[in-house]
Amino acid sequence: MYDVLDSRSVLEILRPVEDPELRKSLVELNMIRNVKIDGGKVSFTLVLTTPACPLREFIVEDCQKAVKKLPGVTDVSIEVTAETPQQKSLPDASGGLRQRTGISGVKNIIAVSSGKGGVGKSTVAVNVAVALAQTGAKVGLLDADIYGPNDPTMLGLSDAQITVRSSETGDILEPAFNHGVKLVSMGFLIDRDQPVIWRGPMLNGVIRQFLYQVEWGELDYLIVDMPPGTGDAQLTLTQAVPMAGAVIVTTPQNVALLDSRKGLRMFQQMNVPVLGIVENMSYFIPPDQPDKQYDIFGSGGGSKTAAELGVPLLGCVPLEISTRVGGDSGVPIVVGDPDSASAKALTAIALTIAGKVSVAALT
């Protein structure tokens, strides 16, 4: 069948190899490019749909096995790159096309939200953003928790000085940068002890400024750390920009789960895809007894709620002292202690989110 070793035979032998998440041929998805033959040596470029592809090694292995079946092949070299697809426009809550304005250069906007405060939403948002950046993705973090802007502290940017420059379209804010993530936050614009006492219209205005008057540049993902609840900030975001999806953070505790259900339904009513639920503080791991765990806030609530509401459980993050220390010191746990149970869970969640966003954009 393959009498001649050439680029065509390589593409044909690779045609049955599928992206495990998209369930489509790599060749048909144009993920196999630049095929070259040098004697028995075959090389090509594998273009993934996200730098954070959780199945990268499996796809590469499948490609190598397939090509090695061709007669005359002595070596297979695969260069792996990524092109993150941009989220498509979806119908709005009224059934028509969204009249939302995208952000130039930003491919996917993902909200990290919770029904109530104190469940570790910002910890999840910051670590997911940094974990995505560690894969090579271009990532921004918008701290939309205007009344309690904690992301600068968690990213080690509490003393950062940001620049505002004038342009023909108005003032442009240049985001701060650390751990591979661009950050904009109200915390940069007010004194540390200054409260923000604003009504809805002012909140609406500053969130739109953070969306459209920031020099975000080219981003694969813009993570938006939402304030708790289902108020003005959530409404502003869902009405302003096309969103790739929302992630709901909760603890296993019944009170938190009740509020998280309301937050989840709010995004669904606004026709924002819910990517899934993250159960944070699933159990406590004592530092002096790492083999033990204690269900301080109960157990199984996240998986039960996800099943009842028909959305995925993206992962469960344990409660560890090092996670709190990392947040207070400005070194996220995925950077400061990447081998910890919390860091591994948060990294896996970030990869899962990226995979779901790519699938949604390409189907």
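The values are calculated or read from the model by the stated rules, or taken from the named source; none is laboratory data. Fair warning: this is a prediction, and the values are worked out from it, not measured in the lab. When we count neighbours, we look across all protein chains shown, and the Cβ atoms used for this are built from the backbone with ideal geometry, even at glycine. Each accessible area value is taken on the protein alone, full model and side chains, heavy atoms only, with ligands, DNA and RNA left out. Shrake-Rupley method; radii C 1.70, N 1.55, O 1.52, S 1.80 Å.
For (1) under 24 Å from VAL139 (Cα atoms); (2) surrounded by 15 or more Cβ atoms within 10 Å (Cβ to Cβ); (3) touching a residue at least 24 places away in the same chain (Cβ under 8 Å); (4) among the aromatic types (Phe, Trp, Tyr), each residue gets a yes or a no:
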{"position": "SER7", "(1), (2), (3), (4)": "no, no, yes, no"}
{"position": "VAL17", "(1), (2), (3), (4)": "no, yes, yes, no"}
{"position": "SER43", "(1), (2), (3), (4)": "no, yes, yes, no"}
{"position": "LEU70", "(1), (2), (3), (4)": "no, yes, yes, no"}
{"position": "SER77", "(1), (2), (3), (4)": "no, no, yes, no"}
{"position": "ALA82", "(1), (2), (3), (4)": "yes, yes, yes, no"}
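Among the residues of region 19-36, write down those that are open to solvent by less than 60 Å² (accessible area, probe 1.4 Å) and within 17 Å of THR74 (Cα to Cα).
Residue satisfying the conditions is VAL35 alone.
How many residues are touching a residue at least 60 places away in the same chain (Cβ under 8 Å) and among the hydroxyl-bearing types (Ser, Thr, Tyr) when one looks only at region 141-191?
3
Could you check region 9-57 and list, in sequence order, the residues that are within 21 Å of the chain's Cα centre (by Cα) and more than 24 Å from LYS107 (Cα to Cα)?
Selection gives GLU57 alone.
Looking at region 165-199, which of its residues are open to solvent by 50 Å² or more (accessible area, probe 1.4 Å), among the aromatic types (Phe, Trp, Tyr) and modelled with pLDDT of 85 or more?
PHE177, the sole residue that qualifies.
What single numbered condition from (1) open to solvent by 20 Å² or more (accessible area, probe 1.4 Å); (2) under 19 Å from the mean Cα position of the chain (by Cα) fails to hold for TYR294?
(2)
Which count do you get for residues in region 306-363 that are in a helix (DSSP H, G or I), surrounded by fewer than 16 Cβ atoms within 10 Å (Cβ to Cβ) and polar (S, T, N, Q)?
1
Would you point out the residue of region 214-266, among those that are of a type in the set (S, T, N, Q) and surrounded by fewer than 21 Cβ atoms within 10 Å (Cβ to Cβ), that is nearest to VAL357 (Cα to Cα)?
The extreme case among them is GLN239.
Quick check: is even one residue across region 138-148 of a type in the set (Ser, Thr, Tyr), part of a loop (DSSP other than H, G, I, E, B) and open to solvent by less than 10 Å² (accessible area, probe 1.4 Å)?
No: region 138-148 contains no residue that is of a type in the set (Ser, Thr, Tyr), part of a loop (DSSP other than H, G, I, E, B) and open to solvent by less than 10 Å² (accessible area, probe 1.4 Å).
Looking only at region 57-96, which residues are among the charged types (D, E, K, R) and modelled with pLDDT of 90 or more?
Matches in region 57-96: GLU57, GLU61, ASP62, LYS65, LYS68, LYS69, ASP75, GLU79, GLU83.
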